[in-house]
Each structure stands twice: as C-alpha cells, then as structure tokens.
Amino acid sequence: MNLSEKSPRRISAELLAASFIVLFQELAFIRWLPGQVRVLAYFPNLILLSAFLGLGLGCLRCGRRSLLWLWPASLLLLTGTAFAASHVVFTQNSVSEHLYLLYFDLPKNAPVVAETRLPIIGFFILSAVSFIPLGQLVAGRLQEFQRRAISLQGYAWDLLGSLLGVILFTCVSFAQWFPLAWFSIFLLTAVIFFSEKRICVIAYLALASAILGIVARAEKAEYYSPYYALSMQPEKNESGYTILANGSFHQHPFEMRREKAVSKFEQNVREGYHLPYRHLKQPPRRALVVGAGSGNDVAVLLDEGAGHVDAVEIDPVILRLGREIHPSHPYASDRVRAVNTDARSFLNHCTEQYDLIVFGTLDSMTRLSALSNVRLDNFVYTLDCVRAARSHLAPGGGLVMYFMAGTDYVDLRQEGMLAEVFGEVPIMISKHYGLFNKVYMVGPAFAHDDGERRRNAAPALLNDVKSQVELPTDDWPFLYLHRRGISNFYLTLMAAIMITTILGVLIASPEMRSGIFQKDGVDGEMFLFGLGFLLLETRSATEMNLLWGATWLTSAVVFGSILAMILLSTLLMQWRPLPYSWSMAGLAASLLAAWAAPTHLLLQSGAVMRLGVSLLFVGTPIFFAASCFATIFRKRQAAATAFGWNLLGAVVGGLLEMLSMETGFKTLLLLALAAYLLALALRSRGENQAKINATKFAGKKS
C-alpha cells in the first residue's frame, strides 16, 4: 500500500514506531557492542555519528525503491561480525590515551590484530548501514506529512517516538535487563512494517530469530550495570574474586584485614593499600572514599580503625557485588554509609568534613555519554575536583590517591594538580602493587612527614610540571591526552569517517552526485543547523553531567530533556510561531550567556538554583534552536532531503566535537554560534536574491 493511500492514524503510528526503533536501537548498540568489541567502549559517540549518517543517507533515498529488507539483513551481519570479533584481541601500540584493553576472558592463543582503528571504522560502517532503511522509513512518512501540509505535526511524531525510545531504554537499564530483551523489544516493534504480506512476516521473523540467537550466543556477562557488562570469577589460591567489565579485568576484591592469610600477590596489593596509614599519626575519625568500587579501600579504613566511612560508588551493580562477595564484608559494617552516585557530584554538593579523603583507582573503562569524548573519570582528575576535595577536609585532614599511571606525563599531572591545590609537593610512593603503581599523600595530616621541605619545593615542581604538561581543568579535562590537540590517531578516524560520509552521500543520491557542486545543490542552512545542534547537544550533555553527576540517570535525563525541549518548541511553533528573527536573537544571546557563565560558580549553588541554571543555560539555547529549525523545516518542499542534510550536518558536528581536545568545551558554544550565524547569513542572502528576482520578473512583466 502506498503512503498516500494510508490513513493519517496509520502513518502517525508508523512514524512513531520507526523513530522509537531508531533511538532504542542506537542506545542498544552503544551498550551491547562494547561488550563484544572492547575498544568501542571508549568511542560510543561514533555509534551516535553512525546513526546520524545512516539516517541521513536513508532520508536522501526517500521516494526510491524500499530498502526495508536491508534492515534485518544488516542487523544479522552486524551482530554476527561482533560475535566473531569478540574472540579477537585488537591492540594498539601508538595511541594518544590509555586504552586498557585487557582481554582477560580470552585464551592466550586468541588471534591478535595490532590495530584498533580497524574495528572502530568497521563497526561505524556496519552500524550506519543498519540505520539507512530506518532513515528511509522516517523520511517517507515525514514527506507524506509535508505533502498533506502538516510537516510540523510529522516532526512532532518523530520527536515523540525518539523520546519514548529513550524513556523505555532507561527503564530496561534500570531493571538491569539483558541485551536479548533489548533486541527483542525493537525487533518486535518493527513487525508493523512487515505485516502487510504473510511471506514478509515469516521471512522477517526468521531473520529476527537468527539475530536474537546470535545475541544470546554471544552473551558472557552475568550482570548488566548502567555502564558495563559485568561478570565475576573466583580466583584459585586467592581469597577474593575478579570482576570483569566488558570482559576486561576491572576489580579484585579480596581480604584486606591484616591478620587474615592471603596469597603472595594479594599480600603485595594489601601492603600498598595500607601504606598511607603508616604515614598518619592517628586513625581518621571520619573518612570519605570516592570510587569505592567493591570495597577494598573501605575495608582498609575499617581495619585501620576509622570511626566512620562514607563510600561513594557510581555503579550500583558493582556496589551490590561488593556487599555480596567481598571477603572482608566492609559494606556490612555500621560504621559505613554507602552512597550510589558520581564522585565529583558528591564532592560538589556534600556539606561534610573529613579527616581523610581517599581517591580509589577511579580510572574508568567507558565514556561519560554517547554525546561526548569525555571519560567517566575525567572530571575527577581536574584541578577543580581536587579543590572541591580539599574544601571538605577537616582541620588537620589529608588526601590519599591511588592510581595506575602508565606514562610519565600522567604522573606529572597528578603531582602538579596536588601541588597546585595544596601548596606542597605530595608524598609519592612509586611501586607496582598489582592494582596500582602510584600512591600520593598530601595535606596537613602528612605535614609532619618533611612538610616544610615539601612546601618550599612546591614552586619549583610546579614550574617544572607546567613547562612539560598542562594541568586538567573542568573545561579541558583530558588527563590522558599528552597535550592539547587532536592526535594522528583521532585525525585518521575523523578522516575515515568523513570519506565514508562523502562516499555514502554520493552513492545514496543521484541528485547529490549531479548537483553537489552546483549553486543550489547543497541545503547549507539545514546542514549548518545539524552541525550547530550537535555541538550544542555535546556541550549540554557535558555540562549537565558535571552539574548533576555523570550517572546513567543524568545521561538519560539529558537525552530526554533535549528531545522534550525540541518537542515543546515544535508544538508551540504550530500553535503560535515565534518570528525567526526573535528566535535567532534569543539563540545567539543564550549561547553567549552560556559561554560567559563561570562553571565553578554553578557547581556551588543549591539544587533548586542548579535546576534553574540548567533550564536557563541548557534548555534556552535548545528551545530557540528548535524554534528556528521548525521555521525553516516547515518551508522545505522536499522535507526528506532537507532532513537528510540536517542529519549529515550532525555527523560533521560530531566530528568537530573532537576539537574540544584542543580548545576545551566552552569553545564548542562559539562554534555552534558561528554555525547558526552562517545559516542566518545564507537565509538572508537567499531572501535578498528572491526579492531581486521578483523585482526583475515584475519589471519584465510590466
């Protein structure tokens, strides 16, 4: 049945379903693929970009032969390839940041491929292909709404479906459902598109069953937290367990009480954990552990006689495993209060004072969100975070930091940050203790340990450190980057994605091949709106995770809030449209205000104030950007092609987000502003040209 023959209710339902599948599939890929191909855990934003690319190419194919058959076929290829790749060790010798690709669950004879860009680009392409048919589905229905002169109504259904996808995936993540359930949900939803012919339903269900069979066969995890695919195994001849995250070694909870017998390896690790307390004159009365994990640091504090311990851990499943399997049972003590939240958020907003603050080994194995190249631990290792920690030290208190430093420049940054904030050279023990190789101690609690000499030596150390490396801040939080800039590793990835995008566009659309170099062959305005909006989304996601904590709930709320704000703006534009000039002025003003606002002041405000600030500095630019987009989208005759250009612009905007490694995050707002102002200039030029043409035509007619 042709779209023109379908009822408005049927078309709305199909658009709602297609948009729901897009968001749900995208989030499922971001969670599932890193469990199969470890390196993808560090690049979830590439899955996001692949979705934009695939959707854009699908939009450009609107009106041509249906590619619906390609969707289940491409999913089968992607899941099968991921399952095969899960048995291969991908490694990289020359990479600009630490990728702890520890293939702990693979046999020693597993095949090794000395290149991580291969799986990254390969799965970028496979993922993009799987979104092309979905883009064609969405575009066809948007085009039909446009034909019926209700384009914004179609766009509203598209946004609502996306919002439902985010909400439902958040719910299943909260319930800790497994990937088999994730894939089942969006595969069953898609039956609506194959229901017109019995043979199509049978063929589709057969392919869907094969896909689910691969997903079930590939499953290795015992638990799914909001961040990792987790499993654990008891260690032979040792007292504890090993917790694996995405198949890689992550934590080793074991007996921390000194009177208990442990293996030689564990004895060495335990010695390192207890070492800082040999430098204290007395046990801490109140202590805080950020990055408490499964409980090793907490168990040490209890064994050392701490009176009360606040244990902060972001992952709820790891916290639960610590309660269940840690041999020392630290979380069962009435002296311990476990808090499931982000470490940085806790430091920003708690009011307690502590005699000792312990930074556990917080190095993460995943990114903050799909909209950012920031890792979960990046906002912990900044000058701003160390200052926040110091503000919670009681008189005479101290700070201890355990860390696994792989390179000298990371070690220099850690020393430099502590020296900058505390005004003294930290005590540093450099020895490989199995789970960490650096222990830093700083603050008044350690002043008796050569404190005067260390204070006098601090200026010289800082001069030396700053001559070699830059200290991370909340605006440039890249502890693991050697220096500001985009490394060759990232440049080659960006180049490969751009080449893939250009080739995809040229292959997908004959009109693009013939018209891309012509004057009106590119919808520059829609392209720039996509580019600017993804930069705006990236900055919004990063800012909100900093303000509210980098938890899974915050990321879901940010995603949902962005979609809800766009939906609200779209609905208002149907009811009482804002003039384009007003919307653009509001967008420019709000972007400049967000750029000028000092982040550290926002972090110190209360919850009500932070909510208001979030709405003002994040919600307002998104609202005005959506209003501008609705105005120009409504006037596009070829809605599907315009939407395709918008999505392709988003791909470029996602690549430009990597410029934050050079410029910091606030600059992304200025880049977004530049994109929007350039779009305004194109619009003004087009309107002026139209007026000139109209005048010429009127003159000829007279």
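Just order 344-350, 486-492, 114-120 by mean Cβ neighbour count inside 10 Å, highest at the front, would you?
Sorting 344-350, 486-492, 114-120 by mean packing, highest first, produces 344-350, 114-120, 486-492.
Residues with amide H under 5 Å of THR242's amide H, sequence separation 5 or more or different chain, H placed in the peptide plane at 1.01 Å from N; which?
Under 5 Å from the amide H of THR242 lie the amide H atoms of GLN233, GLU235, each far enough along the sequence or on another chain.
Take the eigenvalues of the Cα gyration tensor for segment 384-500, scale each by 5, and report the square roots as semi-axes in whole Å, largest first.
32, 15, 14
If you build the convex hull over the alpha carbons only and average its shadow over all orientations, what do you get for segment 295-447? Give it in nm² to one decimal.
In nm², the orientation-averaged hull projection of segment 295-447 is 9.6.
Taking amide hydrogens as modeled 1.01 Å from N in the peptide plane, which residues meet the under 5 Å criterion relative to VAL339, leaving out close sequence neighbours?
ALA311, VAL312, GLU313
Sum -39500 (n - 2.57) across every DSSP H segment of at least 4 residues in the chain, then divide by the residue count to get the 222 nm mean residue ellipticity, nearest 500.
So the calculated ellipticity at 222 nm is -19000 deg cm²/dmol.
Convex hull over the Cα atoms of segment 1-78, averaged projected area in nm²?
For segment 1-78, the mean projected area of the Cα convex hull comes to 5.9 nm².
Subtract the Cα-Cα distance of LEU180 and ASP408 from 0.36 nm times their separation in residues, and report this length gain in nm to one decimal.
Residue separation times 0.36 nm, minus the Cα-Cα distance, leaves 77.8 nm.
For segment 129-219, which semi-axes, largest first and in whole Å, follow from the square roots of 5 times the eigenvalues of its Cα gyration tensor?
Result for segment 129-219: semi-axes of 27, 19, 10 Å.
Long-range amide H contacts for PHE254: which residues qualify at under 5 Å (H placed 1.01 Å from N, peptide plane, sequence gap of 5 or more or a different chain)?
none
Modelling each spin label as a point 7 Å along the Cα-to-Cβ direction, I'd like the VAL191/HIS87 distance in nm, to one decimal.
It is 3.3 nm.
Let me know the charge dipole size of the chain about its Cα centre in debye, to the nearest 20, where only the beta-carbon of Lys, Arg (+1) and Asp, Glu (-1) is charged.
2500 debye
Which order do the peptides 384-390, 289-295, 65-71 take when ranked by the mean count of other beta-carbon atoms within 10 Å per residue, highest first?
Final packing ranking: 289-295, 384-390, 65-71.
With the Cα gyration tensor of segment 123-280 in hand, give its eigenvalues times 5 under a square root as the equivalent ellipsoid semi-axes, listed largest first in whole angstrom.
50, 20, 12
Kindly write out, for segment 277-290 in residue order, the coupling ³J(HN,Hα) from the Karplus curve 6.51 cos²θ - 1.76 cosθ + 1.60 (θ = phi - 60°), rounded to whole Hz, with x marking Gly and Pro.
6, 6, 9, 9, 7, 8, x, x, 6, 10, 10, 10, 10, 9
Please report Rg over Rh for segment 289-338, where both radii come from the alpha carbon positions and Rh follows the Kirkwood definition.
With Rg and the Kirkwood Rh in hand, the quotient comes to 0.91.
A 31 angstrom limit on the alpha carbon distance is what I want to check against. Which of LYS108/LYS438; LYS108/LYS260; LYS281/LYS438; LYS635/LYS666 exceed it?
Exceeds cut-off: LYS108/LYS260; LYS635/LYS666.
Would you please put 278-284, 132-138, 161-167, 45-51 in order of how densely packed they are, using the mean number of other Cβ atoms within 10 angstrom per residue and starting with the highest?
So the order, starting with the most tightly packed, is 132-138, 45-51, 161-167, 278-284.
What size of dipole, in debye to the nearest 20, comes out for segment 247-322 about its Cα centre when the only charges are +1 on Lys and Arg C-beta atoms and -1 on Asp and Glu C-beta atoms?
For segment 247-322, the charge dipole is close to 260 debye.
Note down the net charge around LEU412, summing +1 for each Lys or Arg and -1 for each Asp or Glu among other residues with Cβ under 11 Å from its Cβ.
-3
Provide the FRET efficiency to the nearest 0.05 for the ALA216-ASP450 pair, computing r from the beta carbons and using R0 = 56 Å.
0.40
How large is the direction-averaged shadow of the alpha-carbon convex hull of the chain, in nm²?
33.1 nm²
Among LEU68, ILE499, LEU40, which residue has its Cα furthest toward the positive end of the charge dipole of the chain, with +1 on Lys/Arg Cβ and -1 on Asp/Glu Cβ?
The residue sitting most towards the positive pole is LEU68.
Trypsin sites (Lys or Arg not before Pro) within segment 187-250: which are DSSP loop residues with at most 11 other Cβ atoms inside 10 Å?
Qualifying residues, ordered by number: LYS197, LYS236.
Identify, among ALA210, TYR227, VAL166, the residue whose Cα sits farthest towards the positive end of the charge dipole of segment 134-230, taking +1 on the Cβ of Lys and Arg and -1 on the Cβ of Asp and Glu, with the dipole about the Cα centre.
About the Cα centre, the residue reaching furthest to the positive side is ALA210.
Read the figures in this text as sums done on the coordinates, not as results from a lab. This structure is a prediction, so every number in the text was calculated from the model and none was measured. So basically every Cβ, Gly included, is an ideal-geometry build from the backbone, and we count neighbours across all protein chains shown.
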